[in-house]
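Shown next, in structure tokens, is the structure this report addresses.
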């Protein structure tokens, strides 16, 4: 009674093309969403799931047009509610593989509450949050991930609210899988998507995505060749947190209970912080690291096992049926206090 | 009323056609339980019954206060009982606040039973009595006043039991129950059985309640003050097996019946809200019917989870009250345009905003019909009685899945908590719910239409070759592709409306209670059925050419309604709102219908409806 049910069925040998729908893609030319779509379509064949068993659910926003372009089942719903739609869908159909595609506004502003609860419940869905730090579809207002002081149409002299950190939020909600990837790194995206899709429970992946029209190069730290070389920290389970150019390798270590950047060769191997995906506390520290004071971690921050909401619910149902038999309305109607009038 | 042979001990036994009794006390006095047990006893006696629980929104309102008063009213009779009754034949007041709040409803000469022990200075102050009304002559002159030290007699009955004062005190409601059971010759057996079952693990409490119940009964039999008591013969009701049924339980069981019949699992999404929560509680008990309940994070998640389930090929159901329905509006629109089946229960309560959470109202009709952005019609149904909720819930699932539309069911606080003796149906006699998921690849499009219903095909994800995408954006008819074409949008708006209109072909001919033509037609909907029917039948016995109809289908309206409306000189529409159905009827049929409207958080009284009928027929209005 898990997504494993879907995976158990023999899937045909697919190619990327099998996952392309016949719809014209309507994102702006140059949008980061094209690369994400391509990476998802490329990753799909490797999951080995029959495409009729796959559903993409989305809310509202540029990212939420995604389901129309996937040749699977798809449901483009209302603003912010995709996690709740997906929860009901999984409860009705635990045999399906369900993806939620959302954005920073959809998933963390109007739908923040649903995101909290889908993660807390650990519903078996794969959540892809495209974070471009801006409202694109409504033409350029600041978003809940925009930096403080962001000047946009709705904040002509700068925004007054601090941004939310999607990874820290997800971990705080009790997410059992949290990862980050970048729209301009297709191989890494594919790898993250596959890891997330295979996770049992709610998997949350933040995809740093470029809106070239309203917030171009918001993630330049991950795009600019020199900056990327300086700041990208590839998280790998069992490997130390090392980053930077080969001739100037740096490390993130723990200084007491604070992360600290040091020159790698200056510290003994025993002092290095070795990444452990099963350590959620460490992941919470990693979630807060960002340039320029720290490197930008990408990869899987945390992957742990946890009880899955719909599995528990359906186990209860199965138990009730196996112990007392299926429901019988005729019996129920005449149960308890009744009296006959003749 | 005829005097019959007096029973033992020189007490006379009078036979009544019907009686209206109200138990009133503090929220913590157990008045709801007392009323429910008295209802069960009356059901055993074979009477027809209607009940009206009435309690404050606060869980434990401060003791002794006017707003903390909780009451339970019922009418039982040897003939058909349509309402819980307007005026009381008997009022049991457990404290001064209960007396103050409820005395105005007692008939002159009515039976007034009070617990004297509660009439101390503190409680009198809290109720706003300057002097003890029991010591003044007015009460005894106006009513048949019986002053009983229920608290003292209760303590006396249980003095040797190993219980604390608080536990002993809590049994005094059963003294009142025992006493009133004697007054109306009710059998104690069902309550004694209930006590045994309920307190199986606590024999002292069971013993205390049993003793106190019997003490109350014996008090009536022996005390000098009760010169007479009453009997109400069994009603002539249709033969068959009966049970007591509340509206909320009936809605839940209607869904269970639909799940069993359709062989499709149900997902019920809900967020706790008065007075709808009991539907969630009830459904959560019945996992064996493959009903999956989600206590969602909010009202929007509750409905969207149900919509997600419907997309997955389950029966999606959500339930709430007016404020929650307001939050669900956008999602209902999604179900309208995605053309997915969905059942929405609205258990109406007093509003606006938080309003009167535990009181009844009928003011969500306009919200149900029009309370969404743009043109987003849904089917609207309304049950007439608590038991009718069963059939309406079942019908809602049947229509939703047959037409691929959302169906809103308008119940209310009165139906939800009220109960009636309900003739248990044979589930086999319910109409079939035939759900045929499309699996045929050839010629498939997501918005292909059934020529009779205009329903689009329902496809379960997982069906090979039928992968498709739907959503909230306007789509081209048939193909389902996104479309911004003006003419297509106009066509789709009309198609969604026509789909709802075609549900009219499901509506049976309207039952007319009274002459097919005449001076006045009373048109009602929802929980006012009993009050309207009782009023109209009384008007008929007074010789007036008055008839009534009660609408179960509010959108679309019955196809024969326009014709029926024209057969009467005048049309009266009683509603617990400021005039909602009356507007619809005037707009739809150009009929000069008149409203009768009271919005007091209480059911309409049949007396006031009768008065409105009389005035309208006699031309005063």
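Where a number appears in this text, it was derived from the coordinates with a stated rule and is not lab data. Everything quoted here is computed from the prediction, not taken from an experiment. Reconstructed Cβ throughout: ideal geometry from the backbone, glycine too, with neighbour counts over all protein chains shown.
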Chain B - mean residue ellipticity at 222 nm from DSSP helices (-39,500 (n - 2.57) per run, n ≥ 4, rounded to 500): -11000 deg cm²/dmol
Two-decimal log10 I(q)/I(0) for region B:185-322, as the Debye equation yields it once each C-alpha is a single scatterer, q = 0.16, 0.19 Å⁻¹: -0.91, -1.03
Shielding score for A:92-98, defined as the mean number of other chain Cβ atoms within 10 Å: 6
Label zone at residue B:147 (point 7 Å along Cα-to-Cβ), backbone N below 14 Å, region B:203-231: B:225
Cα gyration tensor shape of region B:518-617, rounded if a/c is under 1.5, else prolate or oblate by comparing a/b with b/c: oblate
Ranked list, fewest to most other Cβ atoms within 10 Å of each Cβ, for B:94, B:492, A:254: A:254, B:492, B:94
Ascending count of other beta-carbon atoms within 10 Å, so fewest first, for B:165, B:39: B:165, B:39
Most mobile of A:28, A:211, A:173 in a GNM of chain A (Cα contacts under 10 Å): A:28
Rule-of-thumb Rg ratio for region B:258-313 [Cα; 2.2 N^0.38 Å; N residues]: 1.10
Contact order normalised by residue count of region B:2-232, Cα under 8 Å, 6+ apart, percent: 23
Beta bridge orientation in region B:2-232: antiparallel %, DSSP, nearest 5: 50
Whole-Å distance, taken between Cα centres, linking region A:163-195 and region A:238-297: 18
Region B:518-617 - percent relative contact order, Cα under 8 Å, separation 6 or more: 35
Rounded to 5, the percent of DSSP beta bridges in the protein assembly as shown classed as antiparallel: 35
Angle in degrees between helix A:82-92 and the longest Cα principal axis of chain A, rounded to the nearest 10: 40
Euclidean distance between Cα centres, region B:280-341 to region B:180-203, Å: 39
Cα long-axis angle, helix A:33-47 against chain A (0 to 90 degrees, to the nearest 10): 60
Three-way shape label, region B:110-182, alpha-carbon gyration tensor, a/c 1.5: oblate
Spread of Cα-to-Cα distances over 5 Å intervals beginning at zero, given as percent, for region B:457-576: 2, 9, 15, 14, 12, 9, 8, 7, 8, 7, 5, 3, 1, 0
Linear extension gain, residue A:164 paired with residue A:323, 0.36 nm per residue minus alpha-carbon span: 52.5 nm
Global form of region B:2-232, assessed from the alpha-carbon gyration tensor, a/c cut-off 1.5: rounded
Exercise: per-residue mean of other protein chain Cβ atoms within 10 Å, B:480-488: 1
Isotropically averaged projected area of chain B, using the convex hull of Cα atoms (one quarter of hull area), nm²: 30.5
Angle in degrees between helix B:299-311 and the longest Cα principal axis of chain B, rounded to the nearest 10: 50
Gaussian network model of chain A, springs between alpha carbon atoms under 10 Å - residue of A:306, A:244, A:327 with greatest fluctuation: A:327
Radius ratio Rg over Rh of region B:243-429, counting only Cα atoms, Kirkwood formula for Rh: 0.93
Average partner coverage of A:51-64, which counts Cβ from other chains inside 10 Å: 3
By average C-beta atoms within 10 angstrom, highest first, the peptides B:525-537, B:456-468: B:525-537, B:456-468
Among A:233, A:129, A:119, residue whose mean-square fluctuation peaks in a GNM of chain A (springs only between Cα atoms under 10 Å): A:233
Structure-based [θ]222 nm, chain A - -39500 (n - 2.57) summed over DSSP H runs of at least 4, per residue, nearest 500: -8500 deg cm²/dmol
Translational diffusion of region A:1-121, µm² s⁻¹ [Kirkwood Rh, Cα pairs; Stokes-Einstein; 10 °C; 1.306 mPa s]: 107
Peptides B:369-381, A:62-74 ordered by average Cβ neighbours within 10 Å, highest first: A:62-74, B:369-381
Full-extension gain in nm, residue A:147 to residue A:284, via 0.36 nm per residue minus C-alpha separation: 47.3 nm
Square roots of 5 times each gyration tensor eigenvalue, C-alpha, the protein assembly as shown, largest first, Å: 61, 34, 25
Residue B:615/residue B:161 FRET efficiency (R0 60 Å; Cβ-Cβ; nearest 0.05): 0.55
Efficiency of FRET from Cβ geometry, residue B:434 and residue A:330, R₀ 25 Å, rounded to 0.05: 0.80
